[in-house]
Structure formats: C-alpha cells, structure tokens
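Working notes for the structure below.
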Amino acid sequence: MPAALSSTPTAADTIGDRASYRALTRPRGAHHIEVLDQRALPHAIVKTKIASADAAAIAIRKMLVRGAPLIGAVGAYGLALALDRDAGDHELARAHTALDATRPTAVNLRWALDRVRDAVAALPIAERAEAAWREADAICAEDVAINHAIGVHGLAMLRELAGRRPGPLKVMTHCNAGALATCGWGTATAPLFLAHAEGMPLHVWVSETRPRLQGASLTAWELHERGIPHTVFVDSASGLLMRRGDVDVVLVGADRVARNGDVCNKIGTYDKALAAKDNGVPFYVAVPSPTIDWALGSGEGIPIESRSADEVLTVLGRDHYGHATSVALAPEGTRAVNFAFDVTPARLVDGLLTERGLARDAQALSAMFPERADGRG
Ligand code: MRU
C-alpha cells in the first residue's frame, strides 16, 4: 500500500473523508499548491508543486491533474497565481483565456475561472490576488461538501437497490470519478465509499477506460486504498457483464450536463448506457451542480476534446525495473482517432445524482436548482 501523503488538513478532513491521499492541497497560507501527478499512479506517489499560472495550465493540459471538478479547482488557483504577479485587467483576462483553453469539455473549468474573475474584477488591484486565493479555497471546500452530499443521496439509492437482492451489490463504473478527480470524496465514488464504510457488501466493476486507463490505474487504486472489492474489465466487456446479470447498477461521473439532461462523460459512457438500457440495468450519473451547463439546451453543443493519436497507438507502463516505458501497439504510420468524451442522451439516463438529491429527468433537475436554471446562475 502506498505511503500516506503528508498534507495540510483540508476541508475533506472536516467532513470525514479520511483518504490517505489528496489530489490537491494548498499548504496553509502558501501561495502555491501541490498536486499528485496522476500520470505516475498507481506505481508511484509523485507530488508536484505548482507556483505559476503557466505551471497550472501545463498540469491541466498534460493531465497531471484531470477530472472535471479538479481541473476547475486547479484553474481557479492558476488564476490566483497569475494575479500574484500582475493583478491588472489585462493579465486577468489573459490568464483566464489561457487556462480556459487547456481542456475544452468539462464545464467546471470555465465555471471556476468565471467565478474567480467575477469575485475580483470589481476590487482595487491591490486586493485582487488575496481575494482570488480565498475564492479558489472556497471552490475546493464547496467541492468536498458537494461530493459528500452526492454520496449521502447516492447511498440512499444504493441501499434501496441492495435491499432488493441477496449478496454484494454489483456496481459498474467508468473512468475515474473518484477523490482523485475532485478535491475530496469523488462524485461517483462518494456513495460507494459511504456504503463501504457502513458495511454494505459491494463489488465494483471498473472499466479500464482506454486509452489513458484512468479506470485501471486510478479507480482501481482508490478502491484498493479503501479495501473495496473490485475487478477491472476491458471496456468492450460491459455489454457481456450486464447481459450475464453481473451488474445491478451503473454509476458514472460527468464532465458536462446540458439543461435537457444529456450527459457528456469519458468516451465509452454512451456504450454502457445503451447496454444498460437493453439489459434493464439502472444507469445513474453523479453530477455536482458546477458540472451543469445551464446555457446549453442539449448535449449536441458540447465541445468534444480530441486528443493525440499517440495515446491510442502506444501504451505506457513500467518495466521490471520500475522504469516508465512506452510501447507501440500498431504498425508505424497507422492513423487513429482519439475522442476523449461522448454524449449519452438523457433518455438513457435513469437519474442524475446531485448534491440536492436524485433528479429523474431534466424537469426535476431544473426544479432542484431554480436559481441557476432560470438563467441567473
Ligand atoms: O479525461 P479525464 O480523466 O479528465 O476525464 C474524467 C472523466 O471523464 C470523469 O468521469 C469526469 O470528469 C467526472 S470526475 C468527478
């Protein structure tokens, strides 16, 4: 088991997330942050200090940090770091644009950057940087509380499902919507962590999530850290597992949810939703409110990040000596497409688990967030 990380207690600790790791910490009062370099997991714990807006942008773009809520939080701190050097209007706009351009799909990044900008824009220049740090801290603390609340609502849903049949509840998840993708608890994992903590027998099916393997490398690691039984499977086995009756519920995260309830998440989510519908398996999505894009009527308008073909054509691992090694999978010159996300239509989704409860459809979602759904948020 990897050694526990030493970190300053964060809001995560205050509501009981006792994970031995933190994706993001700000040492008390420091004007830098520390992140776990997620590219090294599960083989090594590597912490990286981020002390400039450029470094924050690189960490997001190169996926040292990833996951919708986490890139929002790192973006927010990136803007605070930019203002430490120059808090003028020009730098505020420049840094906002540069950070926003790092990854296009998850709306949390834009949401967090707008929130920091709006919190400081009307202040005297001398007060802007401190206010930005405070706002970024608040975004992190709120993220932890939101995820914990999702966990509480999700736990009720899992209890209900578990009560219907004997044996462990079999939950399928995709990619990593865990504590590593957030400031604490994770979204899709929060109900699982709470269920395990109260003694509910669980078995989690973890889809490997090609090409970057965030399921196999990150979700499996988080479940292992907490002692939750799990099995990794190849992405293309989800239909078979559901058809065999081996899955009671699918629970995934989201990168952006449109007003009509369409869900954009890691590539392969749509396939799982189709298989779930065909096999009568309930399909739920954990959705913190900053992931909802109220300005978008449907998922059609969501920009889908297209990444390097290298991620598909090579695989990164460790050799017997522990050295990181990249191995080619296809003949030289082979072309590959690498869409990072897909959109699952709302009709395939049985419920959106938010911090305010379980919304069964878009209407229920709007009713849950009247202050944002009416366009004021
Ligand atoms: O490309 P990534 O690793 O940033 O993608 C992450 C996902 O798709 C997660 O499922 C999503 O962001 C939800 S994280 C709580």
Checklist outcome for this item: Over the range 1-52, the set of residues surrounded by fewer than 13 Cβ atoms within 10 Å (Cβ to Cβ) and at pLDDT 95 or above is P27, K49
Checklist outcome for this item: Going through the range 156-182 in order, the residues found to be part of a loop (DSSP other than H, G, I, E, B), within 16 Å of the ligand (Cβ to nearest atom) and out of contact with any Ser or Thr (no Cβ under 7 Å at 6 or more places or on another chain) are T182
Checklist outcome for this item: Checked against (1) in a helix (DSSP H, G or I); (2) buried (at least 19 other Cβ atoms within 10 Å of the Cβ); (3) touching a helix residue (DSSP H, G or I) at 6+ places or on another chain (Cβ under 8 Å), V206 satisfies every condition except (1)
Checklist entry - Any chance the range 268-279 includes a residue that's assigned to a loop (DSSP other than H, G, I, E, B) and crowded, with 23+ Cβ neighbours inside 10 Å? => result no
Checklist entry - Is it fair to say W221 is closer than 30 Å to V315 by Cα, within 15 Å of the ligand (Cβ to nearest atom) and assigned to a helix (DSSP H, G or I)? => result yes
Checklist entry - Hey, among the residues in the range 258-271 that are more than 12 Å from the ligand (Cβ to nearest atom) and of a type in the set (D, E, K, R), which one's farthest from A73 (Cα to Cα)? => result D271
Next on the checklist: touching a residue at least 24 places away in the same chain (Cβ under 8 Å), near the ligand (Cβ under 10 Å from one of its atoms) and either of a type in the set (A, V, I, L, M, F, W, C) or not in a loop (DSSP other than H, G, I, E, B) (or both): is that true of A195 in this structure?
Outcome noted: no
Next on the checklist: I'd like to check something: does the range 292-300 contain any residue that is polar (S, T, N, Q), within 30 Å of A364 (Cβ to Cβ) and away from the ligand (no atom under 16 Å from the Cβ)?
Outcome noted: yes
Next on the checklist: Looking at A254 and the list (1) of a type in the set (A, V, I, L, M, F, W, C); (2) free of Cβ contacts under 8 Å to residues at least 60 places away in the same chain; (3) assigned to a loop (DSSP other than H, G, I, E, B), which single condition is not satisfied?
Outcome noted: (2)
Checklist entry - Out of the residues in the range 109-154 that are charged (D, E, K, R) and touching a residue at least 60 places away in the same chain (Cβ under 8 Å), which is surrounded by the most Cβ atoms within 10 Å (Cβ to Cβ)? => result D143
Checklist entry - How many residues, within the range 198-218, are among the small types (G, A, S) and within 12 Å of the ligand (Cβ to nearest atom)? => result 3
Checklist entry - Looking at the range 224-252, which of its residues are among the acidic types (D, E) and within 16 Å of the ligand (Cβ to nearest atom)? => result D235
Item to check | Condition check for V232: out of contact with any Asp or Glu (no Cβ under 6 Å at 6 or more places or on another chain) and either modelled with pLDDT of 95 or more or in the same structural domain as D310 (by TED's automatic domain parsing) (or both) | outcome: no
Checklist entry - Can you tell me which of A286, A275 is modelled with pLDDT of 95 or more, touching a Gly at 6+ places or on another chain (Cβ under 6 Å) and within 12 Å of the ligand (Cβ to nearest atom)? => result A286
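The values are calculated or read from the model by the stated rules, or taken from the named source; none is laboratory data. Keep in mind it's a predicted model, so treat the numbers as computed, not measured. With ideal geometry, Cβ positions are generated from the backbone for all residues, glycine too; neighbour counts draw on all protein chains shown.
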